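This report refers to the structure that appears directly beneath it.
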Amino acid sequence: MKNILLLLAVFAVTLTSLNAQNAHCGFDEHLEKMLTEDPSGFQVIHDRQALAESIKHQRLSGEVERAGGPRIIPTVFHVIHQGGNENISKEQIEDQMRILNEDFRRLNADASNLRPEFVDVAADANVEFRLAKLDPQGNCTDGIVRVWSPLTFNASDNNGVKGLSYWNSSKYFNVWVVATIDNEGEPGTILGYAQFPGFGGASTDGVVVRANYIGDIGTGANNGSKGRTLTHEAGHWLGLFHTFQGGCNGGFFGESIDDTPPQAEATPSNCPQNSNTCSNDNPDLPDMVENYMDYSNGACQNTFTEGQKDAFDAVLGATRSQLISNSNLNATGVLLAETPCAPVAQFYLEKTIVCAGTPVQFTDDSYNGTPSTYDWQFPGATPSQSGDANPTVTYNAPGVYSVTLNV
Ligand code: ZN
């Protein structure tokens, strides 16, 4: 009970600093909610921190070599959209995958910007994310699902957005892409949030990210994140707290990773290289604003540490071990060669109720492959069929009509 009270006190402090932020990650609020609903999470976190600590000791004593070859994580993007620019392109998602993998393998071009005092602890996390090539039914997929729904606005676990499209989270890393995220009436903008490993329910496991913070091209360009919102959220999903969790003293459910210097609070969204909010570390190092788990600008971030990799290893060796197993890599097709999939036919329209004689615009929303032909059937309309991608037709008599699209 004492631990629980302490934790709530920590959250109260953290939330106060978060509310001052304009744009931020919703992880702390989400974790607080999960722990309130399922207190077994306290023990899960405690046990995992103990495991990461033991992995760290084995690493430092040279007992255990780091696992060879990247741990491959099959990934699916669920783009929830209402036909606006939140319906981001496949190219933007592929740009996000490039950034995510460069960051987790320390292949990012700006890795050399890390200040010298931190170079010894910088890590190749040895994790690689790959878009799935087989869906849960074993069908060919490009790893991207598109669903038309107004739930893309003010998305949250509560509004049911994750239930619109979900793949077994013990086999896939689920990324839901939405227009906006619910901030429960608080000021500021939530850019993304993640579910911590080990508790909180399988069907909500994954991360939610705003569409205009995916990748560094298209709608994701020029927002300061450089595509690192998902790097940060994937860090949470693999067991990391913020570097400022617990403030200078850490303590129960403090960040607990000792090669990231203690940090009193989140770095504001810039890159203050002279910031040193805690002086209780020895040697007294500045705040590691380069760390992906701070709130500094994406252009400022470039590093996970060896200690953070210990935390990843604790998750990938236990809670999320099935994801990276050989049997799962085969089941999700991520070892297969690149082959185009057949498209899945889908469309949407702005209005489903119109006056007789009003033109109705249909928009193709087929995904998973590029259609070479369209075969629209509009019984009762003029024209009654079309080979266009986005046809407009008119219904002159009142009634209820069905529409068929084959691609
Ligand atoms: Zn966060």
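Every number in this text was worked out from the coordinates using simple rules, so none of it is lab data. Here the structure is a predicted model, which means the values were calculated and not measured. Ideal geometry is used to build each Cβ from the backbone, glycine not excepted, and the neighbour counts take in all protein chains shown.
For each cysteine in the chain, check whether another cysteine's C-beta sits under 4.7 Å from its C-beta; list those where none does.
C25, C355
Which residue, G247, G227, Q301, has the largest displacement toward the positive end of the dipole of region 224-318 when charges sit on each Cβ (Lys, Arg +1; Asp, Glu -1)?
Of G247, G227, Q301, it is G227.
Give the percent of DSSP beta bridges with both residues in the chain that are antiparallel, rounded to the nearest 5.
Bridges in the chain are about 45 percent antiparallel.
What three numbers, in Å, describe the spread of the alpha carbons of the chain along their principal axes, ordered from the longest?
Cα extents, longest axis first: 79, 45, 41 Å.
What spacing in nm lies between the two simple spin-label points modelled at A337 and S279, each 7 Å away from Cα in the Cβ direction?
Placing both labels 7 Å along Cα→Cβ, they lie 6.4 nm apart.
Could you tell me, in Å, what Rg and Dmax come out for the Cα atoms of region 252-344?
Looking at region 252-344, its Cα Rg and Dmax stand at 19.0, 59 Å.
Dipole magnitude of region 76-142 about its Cα centre, charges +1 at Lys/Arg Cβ and -1 at Asp/Glu Cβ only, in debye to the nearest 20?
140
Ratio to report: Rg/Rh of region 288-407, with Cα atoms as the point set and Rh obtained by the Kirkwood method; give two decimals.
1.27
List the GluC sites (Glu not before Pro) in region 302-407 that DSSP assigns to loop (not H, G, I, E or B) and whose Cβ has at most 12 other Cβ atoms within 10 Å. Which are they?
Within region 302-407, the qualifying GluC sites (Glu not before Pro) (loop, at most 12 other Cβ atoms within 10 Å) are E338, E350.
When averaged across all projection directions, what area in nm² does the alpha-carbon convex hull of region 112-229 cover?
One quarter of the hull surface, i.e. the mean projection, equals 10.2 nm².
Does region 62-124 come out rounded, prolate or oblate by the C-alpha gyration tensor, with a ≥ b ≥ c the root eigenvalues, rounded set by a/c under 1.5 and, if not, prolate when a/b is larger than b/c and oblate if not?
Verdict is oblate for region 62-124.
Please order I353, I324 by the number of other Cβ within 10 Å, starting at the fewest.
I353, I324
Which peptide among 392-400, 286-294, 102-110 comes first, and what is the full order, when sorted by highest mean count of other Cβ atoms within 10 Å?
Peptide ranking by packing, descending: 286-294, 102-110, 392-400.
Rank-order 151-157, 359-365 by packing density, defined as the average count of other C-beta atoms within 10 Å over each peptide's residues, highest first.
Packing proxy ranking, top to bottom: 151-157, 359-365.
Normalised by the residues of the chain, what does the relative contact order come to in percent, with Cα pairs under 8 Å and at least six apart?
Relative contact order of the chain: 18 percent.
Please get the size of the charge dipole for the chain, origin at its Cα centre, with Cβ charges of +1 on Lys and Arg and -1 on Asp and Glu, quoted in debye to the nearest 20. Kindly include the intermediate steps, with their values, before the conclusion.
Values: 23 positive and 47 negative charges, 179 e Å.
For this selection, approximately 860 debye.
If you take the alpha carbon radius of gyration of region 350-407 and divide it by 2.2 N^0.38 Å, what ratio comes out, to two decimals?
This ratio for region 350-407 stands at 1.14.
Over region 96-184, what is the relative contact order in whole percent, taking alpha-carbon pairs under 8 Å and six or more residues apart?
This gives 22 percent for region 96-184.
Just from its helices, what would the mean residue ellipticity at 222 nm be for the chain, if runs of 4 or more DSSP H residues each count -39500 (n - 2.57) and the sum is divided by every residue, rounded to the nearest 500 deg cm²/dmol?
-7500 deg cm²/dmol
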